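Below is one structure, written out as C-alpha cells, with a few remarks after it.
Just so you know, all these numbers are worked out from the coordinates, no wet-lab data involved. Note that the coordinates shown come from a computational prediction; the quantities given were computed from them, not determined experimentally. Cβ atoms come from the backbone with ideal geometry, glycine included; neighbour counts cover every protein chain shown.
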Amino acid sequence: MLQSQKPRYGEKAIQGLLAACGILSVLTTTAIVISLIGPTIGFFEIVPVDEFLFGTDWTPQFEPPSFGVLAIVAGTLNVALWAMLFAIPIGLGAAVYLSEYASPRVRKTVKPVLEILAGIPTVAIGFFAASFILPEIIQPLWPGELLGGAVGKPFLALAGGLGVGLMIVPIIASISEDAMSAVPNGLREGAYAMGATKMKVATRVVFPAALSGIVASVVLAISRAVGETMIVLLAAGSTPNFTLNPVEPIQAMTAYIGVTATGDISTGSLDYKSVFSVGTVLFVMTLAMNMVSIRLVRRYREVYE
C-alpha cells in the first residue's frame, strides 16, 4: 500500500533560501540603478548630452571643464582589448590541455592552482604590472621610436592590459574547461573510431560542442576586464587619452571613479555627479555585454540526453 511521503522541510528551506538569494540580487541591482539615476539626471541638466557622449576631451578639473566621455571609454576599451588578446589564447589553451590532454592526476592538481590565481588581490597584480611587466618586459622589448615610444613612460595601456589579462586567464580557463568536460564522451569516442587525432577531436568536436560555455567565459572575462580598477590605475595611469595606442598612458572609467570618488569632493557638486554619470555608462556597457552573452549562449547551446 502506498503511503504519502513525509514533508521534506529541509528541501523547502533550501528552496526558500535560494529564492531569497535570487530576490536579493534583483533588489541589489535595482538599488544600484536607482542610486545612479538621480545624480546622472542632475549631471545632464548642466552638461549637454551630446557633449558628454560624443566629446573626446575629458578634463573635468580644468577651467573651463570638458566632459567628453569617449576619452575614458577609449581608455577602458584599450586596456580590455590588449587584455583579451593576451588572455583568450592562453586561457583556451589551458582549458583544452586540462580537458583533453592532461591526466586525471595532473588535472586535479593544476586546476585548483589555476583557480587560486583568480583570488590574487588586484592590487598585487597591479603592483606586479607596474614594477615588473612595464620596466622589465615592455620597455626593453618595445622599440623606443615605434608609436611614440615606450621608453621612460611610467604608465602604459599595454602594461595595464597585460596585468588585467593575467587576472582573467583563470576565469576563461576554468569555465571553458568545465564546458569541455561536460561534452559527452560518446562524441569523442565516435570521432576516434573514425580515425581522428586528439587535436582534431579537441578542435573540431569538443570545442564546437562546448562553444556556448566558452562564449560565456569570454564575455564574463570581458566584463571583468572592463570593470577592473586597481590594475589599470597602477599600471596604465590616470591621463585621459582618446587613443588605442598601447604605449600611451590612458585613464579608464573605473580609474576615474576610483580617483575622484573620495572625501575631497563635495556632495552635489558637478564632479560628484560626473562620477555617477560615468558609472551609468559603465553599467550600460556591462549590461549590453551580458545581453549579448545570453543571446550567444542560447544560440550555440548544445543539449545532450
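Quick notes
- Label selected from (1) 215; (2) 158; (3) 185, the criterion being volume of the Cα convex hull per residue in Å³ as computed here: (1)
- Selection of chymotrypsin sites (Phe, Trp or Tyr not before Pro), region 43-98, meeting DSSP coil and at most 13 other Cβ within 10 Å: Phe62
- Positive end of the dipole of the chain (Cβ unit charges, origin at the Cα centre): among Val79, Pro104, Phe128, the Cα lying farthest that way belongs to Pro104.
- The ranking of Glu100, Glu228 from fewest to most other beta carbons within 10 Å of each one's beta carbon is Glu100, Glu228.
- About the centre of its Cα atoms, the chain shows a dipole size close to 1600 debye [charges on the beta carbon of Lys, Arg (+1) and Asp, Glu (-1) only; nearest 20 debye].
- Between Val284 and Leu270, the modelled label-to-label distance comes to 2.1 nm, taking each label 7 Å out from Cα in the direction of the beta carbon.
- Helix 70-96 and the long axis of the chain differ in direction by around 20°, with both axes built from C-alpha atoms.
- Amide hydrogen neighbours beyond the local backbone of Phe67, cut-off 5 Å, H modeled: Thr59
- Distance between the modelled labels on Lys108 and Leu81, one decimal in nanometres: 4.5 nm (7 Å Cα→Cβ projection).
- Maximal additional length on extending the Ile37-Phe54 stretch stands at 4.1 nm, based on 0.36 nm per residue less the C-alpha distance.
- Karplus-based coupling profile of region 9-24, in residue order and whole Hz: 5, x, 5, 5, 5, 5, 4, x, 5, 5, 4, 5, 5, x, 5, 4, with θ = phi - 60° in 6.51 cos²θ - 1.76 cosθ + 1.60 and x standing for Gly or Pro.
- Euclidean distance of C-alpha centroids, region 17-63 and region 262-302, integer Å: 7
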